[in-house]
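S.K.: Would you mind keeping the following structure in view while I ask a few things?
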Ligand SMILES: [Zn+2]
């Protein structure tokens, strides 16, 4: 009975407010959540978890030792799958981010790429920006992973100032721009000492943001670092 009421309710909500797939913009069936079956089936997976020294791991070479770096799917700027990221970040859909991250963990964990992970650390967002948006998209992705991997999300990092816009800058300029952009949270960072943490962001484009965070995180005694992003640009390898 409860299921029937839930179904009726969802059908009514669909009528009032048609839910659409962010990729193809077709309306979703009541049993589809967030993405339609077709777009999920054709998700352009990176399969980085199966590639030794994958492009993401290569991009992280300039920083401290990273155990593994994996992404769930590829996106192209302006491409259909980029709209998932856009919806999570700018269209107020944190639940989509959490759901996609949980799917990623469910799909990828059996291959062992998250083995040994003890805590999840999201790339932080500057406090003012987070208040503005209402949430940090990296944190909702971290929460979706944590739901499946059953470990804690620890806000071990803080953003000390806002980002300047990063487009049209070289990697070196981006790195310079990011110096001192992140710092350890003095109260929470001791919680990841001696643990294997998964550093999480929504996307990796050049790796500069994750590198800057990994550098700061690596100063915690005994910490081991892996990295995850929901999506990856087509990185040059
Ligand atoms: Zn679709």
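S.K.: Hey, what's the per residue convex hull volume over the C-alpha atoms of the chain, in cubic angstrom? Could you put the intermediate results ahead of the total?
M.R.: Working: hull volume 33.7 nm³, N = 237.
Normalising the Cα hull of the chain by residue number yields 142 Å³.
S.K.: Now, a different point. With n ≥ 4 as the cut-off for DSSP H runs, can you work out [θ] at 222 nm for the chain, using -39500 (n - 2.57) per run divided by the number of residues, rounded to the nearest 500?
M.R.: Working: 9 runs with 87 residues, N = 237.
Calculated at 222 nm, the ellipticity per residue is -10500 deg cm²/dmol.
S.K.: Taking the 0 to 90 degree range and rounding to the nearest ten, how far is the long axis of helix 94-108 tilted relative to the main principal axis of the chain, both from C-alpha atoms?
M.R.: 80 degrees
S.K.: Could you state the angle between the C-alpha long axis of helix 2-16 and the longest principal axis of the C-alpha atoms of the chain, as a value from 0 to 90 degrees rounded to the nearest 10?
M.R.: 90 degrees
S.K.: Counting other beta carbons within 10 Å of each residue's own, what order do 205, 20, 224, 186 fall into, fewest first?
M.R.: Numbers: 205 20, 20 13, 224 16, 186 9.
Taking fewest neighbouring Cβ atoms as first place, the list is 186, 20, 224, 205.
S.K.: Treat each spin label as a single point 7 Å out from the Cα along the C-beta direction, and report the residue 37 to residue 224 distance in nm.
M.R.: For the pair residue 37/residue 224, the computed spacing is 4.1 nm.
S.K.: Could I ask something else about it? First measure r as the distance between the Cβ atoms of residue 187 and residue 147, then evaluate 1/(1 + (r/R0)^6) with R0 = 35 Å and state the FRET efficiency to the nearest 0.05. Working shown, then result.
M.R.: Details: r = 24 Å, r/R0 = 0.69.
About 0.90, to the nearest 0.05.
S.K.: Say each of residue 65 and residue 115 gets a label point 7 Å from the Cα, pointing the same way as Cα to Cβ; how far apart are those two points in nm?
M.R.: If labels sit at residue 65 and residue 115, their model points lie 1.8 nm apart.
S.K.: Could you check what % of the DSSP bridge pairs in the range 43-232 are antiparallel, to the nearest 5?
M.R.: On the way: 4 of 23 bridges.
Around 15 percent of the beta bridges assigned by DSSP in the range 43-232 are antiparallel ones.
S.K.: Percent relative contact order of the chain, based on C-alpha pairs within less than 8 angstrom and at least six residues apart? Present the calculation step by step, with values, prior to reporting the outcome.
M.R.: Working: 417 pairs, mean separation 53.5, N = 237.
It rounds to 23 percent for the chain.
S.K.: Note down the relative contact order for the range 20-90 as a percent, whole number, built from C-alpha pairs under 8 angstrom at least six residues apart. Mind showing how you got there, number by number?
M.R.: Details: 68 pairs, mean separation 22.6, N = 71.
Reported as a whole number, the value is 32 percent.
S.K.: What angle do you read, to the nearest 10 degrees and between 0 and 90, between the alpha-carbon axis of helix 208-217 and the longest principal axis of the chain?
M.R.: So the helix axis and the longest Cα principal axis differ by about 60 degrees.
S.K.: Then there's this: Starting with the fewest neighbours, write out 150, 215 ranked by other beta-carbon atoms found within 10 Å of each beta-carbon.
M.R.: On the way: 150 9, 215 17.
The order, fewest Cβ neighbours first, is 150, 215.
S.K.: Would you order 46, 30 from fewest to most other beta-carbon atoms within 10 Å of each residue's own beta-carbon? Provide the component values of the computation, followed by the final result.
M.R.: Numbers: 46 23, 30 13.
Going from least to most buried by this count: 30, 46.
S.K.: Continuing with the same structure: Could you calculate the contour length gain from residue 26 to residue 128, that is, 0.36 nm times the residue separation minus the distance between their Cα atoms, to one decimal place in nm? Walk me through the numbers before you get to the answer.
M.R.: On the way: separation 102, 0.36 × 102 = 36.72 nm, distance 3.51 nm.
Contour length minus the Cα-Cα distance gives 33.2 nm.
S.K.: At residue 53 and residue 106, where each label point lies 7 Å from the Cα along Cα→Cβ, what is the point-to-point distance in nanometres?
M.R.: For the pair residue 53/residue 106, the computed spacing is 3.6 nm.
Bear in mind that the values in this text are calculations on the coordinates, not laboratory data. The structure displayed is predicted, hence computed values, not measured ones. Quick reminder, even Gly has a Cβ in these numbers, built from the backbone with ideal geometry, and neighbours come from all protein chains shown.
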